[in-house]
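Visitor: Below are the structure tokens for one structure; questions will follow.
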Amino acid sequence: MTRRMDPLTAEVVDLIGTIVARYYQEYDAAAAVHRLTGAQARVLALLSTGPMPMRQIAQRLKCEPSNVTGIVDRLEAQGLAERRADPADRRVKLAAATEHGRDTAARLRSSLDFAREPLAALSVGDRTTLRDLLRRMLGDDAGAAPDPAPPAAG
């Protein structure tokens, strides 16, 4: 027996799908400005937070490790990433963003603005609620980072 989705849930699912599609469309366009594919930009964004084993990158992006190897190869060729041995286990290779890679990732992220204005129109409380609901949907509320300080007025 197939369970039917109630109309409100169906509408929320459709809205999430529309948001995801717009996000990827803008992300891919922003990546292209930096001569990157969307996948390369997403890996670079992950690496800009710190070195990471290739297997962990694949898990985070829900793809095969062999795909990550090719993406990191291309990022290395552009001077945006490098491989290094894990100091805790020399057998493990970490991928890491170079300084140029971190700068590129920051510029790319700051150029993404499809949601900037709509989110800015929401109160801090509404944005906090939205963030918390999204974390709950993802099952991430237990390890969530503390609330960031509200932006300074000005």
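Visitor: Could you pull out the residue among 96, 121 that is within 15 Å of residue 50 (Cα to Cα) and not charged (D, E, K, R)?
Guide: 96
Visitor: Out of all the residues in the stretch 46-76, which are farther than 23 Å from residue 88 by Cα and surrounded by 18 or more Cβ atoms within 10 Å (Cβ to Cβ)?
Guide: Once the filter is applied, which keeps residues that are farther than 23 Å from residue 88 by Cα and surrounded by 18 or more Cβ atoms within 10 Å (Cβ to Cβ), the stretch 46-76 yields 71, 75.
Visitor: Report every pair of residues separated by at least 6 positions or lying on different chains whose Cβ atoms are under 8 Å apart, first residue within the stretch 12-23 and more than 13 Å from residue 112 (Cα to Cα), second open to solvent by 100 Å² or more (accessible area, probe 1.4 Å) and not in a helix (DSSP H, G or I).
Guide: Between residues of the stretch 12-23 that are more than 13 Å from residue 112 (Cα to Cα) and residues that are open to solvent by 100 Å² or more (accessible area, probe 1.4 Å) and not in a helix (DSSP H, G or I), the close pairs are 13/5.
Visitor: For residue 23, state whether it is open to solvent by 30 Å² or more (accessible area, probe 1.4 Å) and either part of a helix (DSSP H, G or I) or within 21 Å of residue 135 (Cβ to Cβ) (or both).
Guide: Working: open to solvent by 30 Å² or more (accessible area, probe 1.4 Å): yes; either part of a helix (DSSP H, G or I) or within 21 Å of residue 135 (Cβ to Cβ) (or both): yes.
Yes, satisfied.
Visitor: Right, here's the next one. When you check residue 35 against the structure, is it charged (D, E, K, R), open to solvent by 50 Å² or more (accessible area, probe 1.4 Å) and under 25 Å from residue 140 (Cβ atoms), yes or no?
Guide: Against the criterion (charged (D, E, K, R), open to solvent by 50 Å² or more (accessible area, probe 1.4 Å) and under 25 Å from residue 140 (Cβ atoms)), residue 35 does not qualify.
Visitor: For the stretch 81-95, check the following and say yes or no: at least one residue is part of a loop (DSSP other than H, G, I, E, B), hydrophobic (A, V, I, L, M, F, W, C), touching a residue at least 40 places away in the same chain (Cβ under 8 Å) and open to solvent by less than 70 Å² (accessible area, probe 1.4 Å).
Guide: Within the stretch 81-95, the subset part of a loop (DSSP other than H, G, I, E, B) is 87-88.
Narrowing the set further to residues that are hydrophobic (A, V, I, L, M, F, W, C) leaves 88.
Filter once more, so that each one left must be touching a residue at least 40 places away in the same chain (Cβ under 8 Å): none.
So far as the stretch 81-95 goes, no, none of its residues is part of a loop (DSSP other than H, G, I, E, B), hydrophobic (A, V, I, L, M, F, W, C), touching a residue at least 40 places away in the same chain (Cβ under 8 Å) and open to solvent by less than 70 Å² (accessible area, probe 1.4 Å).
Visitor: Looking at the stretch 52-59, is at least one residue farther than 25 Å from residue 26 by Cα, in contact (Cβ under 8 Å) with a residue 12 or more places away in the chain and assigned to a strand (DSSP E or B)?
Guide: Scanning the stretch 52-59, I find at least one residue that is farther than 25 Å from residue 26 by Cα, in contact (Cβ under 8 Å) with a residue 12 or more places away in the chain and assigned to a strand (DSSP E or B), so the answer is yes.
Visitor: If you don't mind, another one. Taking residue 133 as the residue in question, decide whether it is part of a loop (DSSP other than H, G, I, E, B), open to solvent by 40 Å² or more (accessible area, probe 1.4 Å), at pLDDT 90 or above and under 26 Å from residue 24 (Cβ atoms).
Guide: When the stated conditions are applied, residue 133 does not pass them.
Visitor: Okay, next question. Determine, yes or no, whether residue 16 is among the hydrophobic types (A, V, I, L, M, F, W, C) and open to solvent by 60 Å² or more (accessible area, probe 1.4 Å).
Guide: In short, yes.
Visitor: Considering only residues that are without any contact (Cβ under 8 Å) to a residue 24 or more places away in the chain and in a helix (DSSP H, G or I), which ones fall in the stretch 97-125?
Guide: Once the filter is applied, which keeps residues that are without any contact (Cβ under 8 Å) to a residue 24 or more places away in the chain and in a helix (DSSP H, G or I), the stretch 97-125 yields 99, 100, 103, 110, 116, 117, 118, 119, 120, 125.
Visitor: Looking at residue 115 and the list (1) of a type outside the set (S, T, N, Q); (2) in contact with a Ser or Thr (Cβ under 6 Å, 6 or more places away or on another chain); (3) under 17 Å from residue 27 (Cα atoms), which single condition is not satisfied?
Guide: (2)
The values are calculated or read from the model by the stated rules, or taken from the named source; none is laboratory data. Here the structure is a predicted model, which means the values were calculated and not measured. Here the Cβ is made from the backbone with ideal geometry for all residues, glycine too, and neighbour counts use every protein chain on show. All accessible areas refer to the heavy atoms of the entire protein, side chains included, with ligands and DNA or RNA removed. Shrake-Rupley method; radii C 1.70, N 1.55, O 1.52, S 1.80 Å.
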